[in-house]
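Peer 1: Before we start, here is the structure in question, set down as structure tokens.
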């Protein structure tokens, strides 16, 4: 990658621009892999996905095949899914329960704690061969916050909770929806690719400025369902008034007054009158447990949280966990899961899953619009040599609170991106 300026930030001149090469240049992606994905805390899964000893799920994170599992002591573990012998993956299933992980190439086997406990024909190895030297390896750091499991490949990384900074407040709001403080990933996932740079989905995930134009079909559906919709006023959308906030370390959020309905909200016409008693029961429990003010915070606001670099928590009409992995400079793989309280009734769970499918799903109201928008942006970026800059100054001249339709939260992401891209990568270590 040539030494071109990627982000211009001039607060006094109210100028903030992003070089479009950052969204098209394969060399930028290679640098991101070294300086961002190899050094940041990256979401890998939720503890509820592996409930019992031996439960596992496999996924590819930052280009590495991984196993998320529980050992015999019920500890959540993350292993690099690669045999220490010749490198083949040792777990080829997407999920399940196993007493051992076995490499089908030469038959080396590993127990639930990752220890090498089976080597066919071990007597052919020299006396110096020691199975204890060849366990499944783990990332440098594995840690959880509120049962959200993260990994980091940088041995010198800050502790997870310090890294999450102000994002912790918003994760706590999600977990407060459960009377026991325990949420669970609901079985099943959405998986799809988008022909666009991964950072465009970061922007889109908390860009409320595109709501009226991109999602007009959904807004029409809400109007016809009895939700009172108003036109823009003083630069923001009503009744979806909200704010954009930077939370430290590149994390940011749009924090909105709820109007589209959710399983804990006061008024949800799109769910029908039959759901009202259950919603009122949930609301009463929140007030009793949390108090009126905290209950209102949990129930009457919704938020799109981005945890730098590639985790999005959409806490609205449902709670959606969304992550995305860059496959190339112009293609990403997206995975999404629904999250809900473990105590949730069948009726509330049905409402949640309906929203997860009909709004956030690949065939829902929102996601197809967003995919089309991002792919059109990526096509338009073919002009990056002639039009090298994207403008991101909305709200920059304001004093005080920034609105959900402003771009302070987008700028927060890009400033952290630029800072990390300018930081020399740590030396690689191997065993």
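Peer 1: Would it be correct to say that residue 382 is over 25 Å from residue 252 (Cβ atoms), surrounded by fewer than 20 Cβ atoms within 10 Å (Cβ to Cβ) and either at pLDDT below 95 or touching a strand residue (DSSP E or B) at 6+ places or on another chain (Cβ under 9 Å) (or both)?
Peer 2: On the way: over 25 Å from residue 252 (Cβ atoms): yes; surrounded by fewer than 20 Cβ atoms within 10 Å (Cβ to Cβ): yes; either at pLDDT below 95 or touching a strand residue (DSSP E or B) at 6+ places or on another chain (Cβ under 9 Å) (or both): no.
The answer is no for residue 382.
Peer 1: Just checking, does segment 402-412 include any residue being in a loop (DSSP other than H, G, I, E, B), exposed (fewer than 15 other Cβ atoms within 10 Å of the Cβ) and at pLDDT below 95? First the steps, then the outcome.
Peer 2: Initial filter on segment 402-412 (in a loop (DSSP other than H, G, I, E, B)): 402, 404-407.
Among the residues that remain, those that are also exposed (fewer than 15 other Cβ atoms within 10 Å of the Cβ) are: none.
No, that holds for no residue.
Peer 1: Given (1) crowded, with 17+ Cβ neighbours inside 10 Å; (2) in a helix (DSSP H, G or I), identify the lone condition not met by residue 360.
Peer 2: Residue 360 satisfies all of (1) crowded, with 17+ Cβ neighbours inside 10 Å; (2) in a helix (DSSP H, G or I) except (2).
Peer 1: Tell me the strands (runs of 3 or more DSSP E) entirely within segment 78-184 that contain at least 1 residues that are touching a residue at least 60 places away in the same chain (Cβ under 8 Å) and more than 20 Å from residue 53 (Cα to Cα). If you could, list the steps in order and put the result at the bottom.
Peer 2: Details: elements: 95-97, 100-102, 109-111, 116-118, 141-145, 148-152.
Passing ranges, in order: 141-145, 148-152.
Peer 1: Also: Hey, among the residues in segment 26-38 that are touching a strand residue (DSSP E or B) at 6+ places or on another chain (Cβ under 9 Å) and surrounded by fewer than 18 Cβ atoms within 10 Å (Cβ to Cβ), which one's nearest to residue 329 (Cα to Cα)?
Peer 2: My answer is 26.
Peer 1: Please go through (1) in contact (Cβ under 8 Å) with a residue 60 or more places away in the chain; (2) on the phi > 0 side of the Ramachandran plot for residue 68 and return the number of the only condition it doesn't satisfy.
Peer 2: (2)
Peer 1: Oh, and also: Output the number of the condition that residue 368 fails; it satisfies all remaining conditions of (1) surrounded by fewer than 18 Cβ atoms within 10 Å (Cβ to Cβ); (2) modelled with pLDDT of 95 or more; (3) part of a helix (DSSP H, G or I).
Peer 2: (2)
Peer 1: Which of the helices (runs of 4 or more DSSP H) found entirely inside segment 206-317 contain at least 2 residues meeting this: at negative phi and modelled with pLDDT under 70? Please lay out each step first, then the result.
Peer 2: Numbers: elements: 211-214, 216-224, 276-290, 292-299.
By residue number, 216-224.
Peer 1: Anything in segment 174-184 that is crowded, with 19+ Cβ neighbours inside 10 Å and in contact with a strand residue (DSSP E or B) (Cβ under 8 Å, 6 or more places away or on another chain)? List them, or say none.
Peer 2: Within segment 174-184, the first condition is being crowded, with 19+ Cβ neighbours inside 10 Å, and the residues that meet it are 174-177, 183-184.
If the condition is that a residue be crowded, with 19+ Cβ neighbours inside 10 Å and in contact with a strand residue (DSSP E or B) (Cβ under 8 Å, 6 or more places away or on another chain), then 174, 175, 177, 183, 184 are the ones that fit.
Peer 1: Collect the residues in segment 325-346 that are over 20 Å from the mean Cα position of the chain (by Cα) and surrounded by fewer than 16 Cβ atoms within 10 Å (Cβ to Cβ), keeping them in residue-number order. Before you say what the answer is, go through the steps one by one.
Peer 2: From segment 325-346, those over 20 Å from the mean Cα position of the chain (by Cα) are 342-346; that's our starting set.
Listed by number, the residues that qualify are 342, 343, 345, 346.
Peer 1: Still on this structure: If I filter segment 349-359 for residues that are in contact with a helix residue (DSSP H, G or I) (Cβ under 6 Å, 6 or more places away or on another chain) and at pLDDT below 95, do I get at least one hit? Let's see the steps before the verdict.
Peer 2: In the first step, residues of segment 349-359 are kept if they are in contact with a helix residue (DSSP H, G or I) (Cβ under 6 Å, 6 or more places away or on another chain); the result is 351.
Filter again for at pLDDT below 95, leaving 351.
Within segment 349-359, one or more residues are in contact with a helix residue (DSSP H, G or I) (Cβ under 6 Å, 6 or more places away or on another chain) and at pLDDT below 95.
Peer 1: Still on this structure: Scan (1) outside the structural domain of residue 301 (by TED's automatic domain parsing); (2) surrounded by fewer than 18 Cβ atoms within 10 Å (Cβ to Cβ) for the single condition residue 139 breaks and write down its number.
Peer 2: (2)
Peer 1: How many residues are assigned to a loop (DSSP other than H, G, I, E, B) and exposed (fewer than 15 other Cβ atoms within 10 Å of the Cβ) if we restrict to segment 6-25? Step through it out loud before you land on a result.
Peer 2: Here is the first cut: in segment 6-25, the residues assigned to a loop (DSSP other than H, G, I, E, B) are 6, 11-14, 24-25.
From what is left, the residues that are exposed (fewer than 15 other Cβ atoms within 10 Å of the Cβ) are 11-14.
Result for segment 6-25: 4.
Peer 1: Now a separate question. So is residue 57 in contact with a helix residue (DSSP H, G or I) (Cβ under 8 Å, 6 or more places away or on another chain) and part of a loop (DSSP other than H, G, I, E, B) or not? It would help to see each step written out before you state the result.
Peer 2: On the way: in contact with a helix residue (DSSP H, G or I) (Cβ under 8 Å, 6 or more places away or on another chain): yes; part of a loop (DSSP other than H, G, I, E, B): no.
No; evaluated as a whole, the condition is false for this residue.
The values are calculated or read from the model by the stated rules, or taken from the named source; none is laboratory data. Everything quoted here is computed from the prediction, not taken from an experiment. Backbone-built Cβ (ideal geometry, glycine too); neighbour counts: all protein chains shown.
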